[in-house]
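Here's the structure, in structure tokens; my notes come after.
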Amino acid sequence: MRKLIYSTVALLALWSCSDDDNVTAKPDVDITGGVTNVVKVNADLTVSLSTDKACYKPGATVTFTAEGDMPAGAKIRYRNGSEVVGEQAAAGRTWTWTAPSADFTGYLVDVYRTEADGSETVLGTIGVDVSSDWTRFPRYGFVATFDASKTADGVIEQEMAFLNRCHINGVQFQDWHNKHHWPLGGTRGSLDPVYKDIANRDVHTSVIKKYIDVQHSYGMKAMFYNLCFGALSDAAQDGVKEEWYLFKDTNHATKDSHDLPDSWKSDIYLVDPANEQWQQYIADRNDDVYASFDFDGYQIDQLGDRGNLYTYDGGKANLQLGYESFVKAMKRRHPGKRLVMNAVSSYGTYSIAQGDVDFLYNELWDSESSFSSIRDIIHNNGLYGRNKLQTVFAAYMNYAKADGKGEFNTPGVLLTDAVIFALGGAHLELGDHMLCKEYFPNDNLAMTQELKDAIISYYDFMTAYQNLLRGGGAETDAGVSSTSDVKVAAWPPALGQVASFARQEDGKKIIHLLNFTDADNLSWRDMNGTMPEPRLIEALPLRMKASTKVNKIWAATPDALGGAMQELPFKQAGGEVTFTLPSLKYWTMIVIE
């Protein structure tokens, strides 16, 4: 990657390129836009930063560690958005910072040095989340294999260290249980050291416990997975009643089932989630789970629209209302535990949101495969959750490619994450490997080092700027266009163009530019891993409608400078503002204050 260096002269020259001869500047306009520092954009950051936890409570001590070239005279700066809230000289490779008292706030911490000409070179960055409750800004990960390979020294620690570096604050335990209707291997008083999961894979009880302990040491929360209505073929001997099931007919002759391979333990037979006796039964089993493992909550699953189903007495089942009833029953039974429920292809989202879930979780499939669907779901979830619940997507990348062994297509992953993060969502994708299929243990695709490095930058960005990305605010017209041959158009995206999306929040207009100029399709799935890498757009002249005075314009991107902000010179006259964006790769955020 080419290094980009902007000096004061260069920035002003870029600004002048965007000037429109037909616009006359007003005498009282600050042409430089209040730029007080100029950043040298070093594409190859030389300092790698890490923190001791994924998130912090207000007033907690944050411990940083730096690796790499830390030159004499380096400084450390703490920012919330564009506001500098603290600064200190770098002294050693480990230091602490007391998190501010403001709750639910993101910070970008950068290590930099001041050059002889007064400019700054950013050496390394990291995001910090100060939040007393992880569900305010959930960054959800997973683990899905608990066999003997995880008992080797350092394996779990290494996996969780990477999730910590990406600020993952909640972890879903997939396919950890013995049976859907009897999750424990053994009983509360006598746990099996090793048992089989649904696919007849070994599960070591000690591995589950160690994962939870290591996650808790990082401040992460551990959520156990289970269906809301699953029972295996031997469920009767464990106390599940015939009258609790869902049937395909009114005569209770054929149970609804989710068929699985013959080599697995059993198909899964569906129980009515609204049946109060079933709710009591599975809540009793959850008592056993919580007594045996230090889980923080329950990740509830479903299987989407099942068509017409009937209860034992022949009445028509209403699954969606059943989900609300089930969630509320689980909350009543364990009020101190967290609940999240999957909405498969958005099925039942409204009813789930009326329950006591802590955020909304959407598993996306073909009917929601377009980039434009991302915005629609987040918008609808905001309505269903009264703008109080965040959205996390289970969105499986390179799905067809994952039928065989290979590597994730970095451009496809980054463009999808750019869209999800810019529009205010989060992406369940990181775990003991990167996620590519709905069967979470599938690890056919590997992350390249390039992708790992980029993902860290993206998660730093989502964490540092969480208040701008996920803080709410009203959607608004970005009102931005370019005077170059690059076409910038309002959302939804179109091939060959840059898509713009904007929100208005707390006196700021936050504009996101997403680069589809070289995209080969408009599906986030990148099924076969063909999405090409977009060309880097540099020195993009932009103009924006502005009816009120603009005090500051700054930009930041996870694709350069570790997400550090750059204040931009601008000109305001004739009801619009003109300025030049230094670069756009996948995604750049512009903030108008």
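The values are calculated or read from the model by the stated rules, or taken from the named source; none is laboratory data. Small disclaimer: the values here were computed from a predicted structure and weren't measured. Here the Cβ positions follow ideal geometry from the backbone for every residue, glycine too, while neighbour counts run over all protein chains shown. Quick note on the areas: whole protein, heavy atoms, side chains included, nothing else; ligands and nucleic acids left out. Shrake-Rupley method; radii C 1.70, N 1.55, O 1.52, S 1.80 Å.
Only one of the listed residues (139, 113) is among the basic types (Lys, Arg) and farther than 28 Å from residue 431 by Cα. That residue is 113. Of the residues making up segment 243-275, those that are among the β-branched types (Val, Ile, Thr) and either modelled with pLDDT under 95 or part of a loop (DSSP other than H, G, I, E, B) (or both) are 250, 254. Total residues in segment 383-403 satisfying the condition of being open to solvent by 20 Å² or more (accessible area, probe 1.4 Å), among the aromatic types (Phe, Trp, Tyr) and farther than 13 Å from residue 413 by Cα: the figure is 1. Restricted to strands (runs of 3 or more DSSP E) entirely inside segment 335-433, those with at least 2 residues that are under 20 Å from residue 462 (Cα atoms) and touching a residue at least 40 places away in the same chain (Cβ under 8 Å) are 391-394, 426-428. Please verify whether residue 240 is surrounded by 15 or more Cβ atoms within 10 Å (Cβ to Cβ), part of a loop (DSSP other than H, G, I, E, B) and of a type in the set (A, V, I, L, M, F, W, C), treating the condition exactly as stated. It is true that residue 240 is surrounded by 15 or more Cβ atoms within 10 Å (Cβ to Cβ), part of a loop (DSSP other than H, G, I, E, B) and of a type in the set (A, V, I, L, M, F, W, C).
Quick check, is residue 327 over 23 Å from residue 474 (Cα atoms), of a type in the set (Val, Ile, Thr), touching a helix residue (DSSP H, G or I) at 6+ places or on another chain (Cβ under 7 Å) and part of a loop (DSSP other than H, G, I, E, B)? So residue 327 fails the test. Pairs meeting the criteria (first residue in segment 551-576 and more than 30 Å from residue 454 (Cα to Cα) and open to solvent by 10 Å² or more (accessible area, probe 1.4 Å), second residue among the β-branched types (Val, Ile, Thr) and not in a strand (DSSP E or B), beta carbons under 6 Å, at least 6 apart or on different chains) are 571/31; 572/29; 572/550; 574/23.
Yes or no, residue by residue, for (1) open to solvent by 40 Å² or more (accessible area, probe 1.4 Å); (2) touching a strand residue (DSSP E or B) at 6+ places or on another chain (Cβ under 7 Å):
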position	(1), (2)
67	yes, yes
91	yes, no
96	yes, yes
114	yes, yes
126	no, yes
130	no, yes
148	yes, yes
154	no, no
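Do we have any residue at all in segment 168-180 that's surrounded by 17 or more Cβ atoms within 10 Å (Cβ to Cβ), of a type in the set (Lys, Arg), within 21 Å of residue 220 (Cβ to Cβ) and modelled with pLDDT of 95 or more? No: zero hits. Being of a type in the set (A, V, I, L, M, F, W, C) and exposed (fewer than 13 other Cβ atoms within 10 Å of the Cβ) is a property that holds for residue 291. If you filter segment 299-332 down to residues that are of a type in the set (Phe, Trp, Tyr) and touching a Ser or Thr at 6+ places or on another chain (Cβ under 7 Å), you find that the one that is surrounded by the fewest Cβ atoms within 10 Å (Cβ to Cβ) is 310. Which one of these does residue 45 not meet: (1) in contact with a Gly (Cβ under 9 Å, 6 or more places away or on another chain); (2) modelled with pLDDT of 95 or more? For residue 45, the exception is condition (2). Annotation: of all residues in segment 476-505 being among the charged types (D, E, K, R) and more than 27 Å from residue 168 (Cα to Cα), the one that is least open to solvent (accessible area, probe 1.4 Å) is 477.
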